[in-house]
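Scroll down for the structure; my scribbles are underneath it.
The values are calculated or read from the model by the stated rules, or taken from the named source; none is laboratory data. It should be emphasised that the depicted structure is a prediction, and the values quoted were computed from it without experimental measurement. Cβ placement follows ideal geometry from the backbone for every residue including glycine, while neighbour counts extend to all protein chains displayed. These accessible areas exclude ligands, DNA and RNA; they are computed on the full protein's heavy atoms, side chains included. Shrake-Rupley method; radii C 1.70, N 1.55, O 1.52, S 1.80 Å.
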Amino acid sequence: MLPAAALGPLLKDWPSIQQIARVSRKREIKRKGVWVKTDETAWLIISMSAMQASPAALLAFNRGHWSIENNLHRNKDVTLDEDKATNRKDNAPRNIFSLKALVITLCKILDLSPTLALETFQDDKNAAIALFGRRFY
């Protein structure tokens, strides 16, 4: 953690910066069936003073961001293949986005993982309708 003054003359270009923090991340991901370790360094540029945001608070903010990314976006991007969508005409992207958000919300309400719901209901629409009918009516 550094005060913004550590930027020296560059600080005049970014007057709102109060702190600079370095976050080191280590993770293991599976690629082609093999676990690979990765190391990454990220720099956080913060407009809050040290009194407003302690190192522990900054770490919590940073982890909170990745929590959103991992919990929401992963379901939409990976499970529901949002990144592979090719619908770009008129309102189609917005409509598909809304439908996928609805699916994720319904899965949360029903306490189902989106992956399990897809496996269970993609070939049996009547089972999905019956489940929602029991739950909501």
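Look at region 98-135 and say how many of its residues are outside any helix (DSSP H, G or I) and within 20 Å of the chain's Cα centre (by Cα).
Residues in region 98-135 being outside any helix (DSSP H, G or I) and within 20 Å of the chain's Cα centre (by Cα): 3 in total.
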**OP:** Keeping to region 66-94, report how many residues are at pLDDT 80 or above and either in contact with a Pro (Cβ under 6 Å, 6 or more places away or on another chain) or outside any loop (DSSP other than H, G, I, E, B) (or both).
**Re:** 3
Original post:
So which residues in region 28-42 are loosely packed, with under 10 Cβ neighbours inside 10 Å and closer than 28 Å to Ala6 by Cβ?
Top reply: Asp39, Glu40, Thr41
**OP:** Have a look at Arg63, Arg25 and point out the one that is charged (D, E, K, R), closer than 30 Å to Pro3 by Cβ and assigned to a helix (DSSP H, G or I).
**Re:** Arg63
Original post:
List the pairs whose first member sits in region 36-50 and is outside any loop (DSSP other than H, G, I, E, B), whose second member is loosely packed, with under 10 Cβ neighbours inside 10 Å, and whose Cβ atoms are under 6 Å apart, counting only residues at least 6 apart or on separate chains?
Top reply: Val36/Ile29; Lys37/Glu28; Thr38/Arg27; Asp39/Lys26; Thr41/Ser24
Original post:
Is region 98-110 home to any residue that is loosely packed, with under 11 Cβ neighbours inside 10 Å, closer than 30 Å to Pro3 by Cβ and of a type in the set (A, V, I, L, M)?
Top reply: no
Subject >> Enumeration of residues in region 92-129 that are basic (Lys, Arg) and under 17 Å from Asp81 (Cα atoms) >> reply: Arg94, Lys100
Subject >> Filter result for Ala60 (open to solvent by less than 50 Å² (accessible area, probe 1.4 Å) and hydrophobic (A, V, I, L, M, F, W, C)) >> reply: no
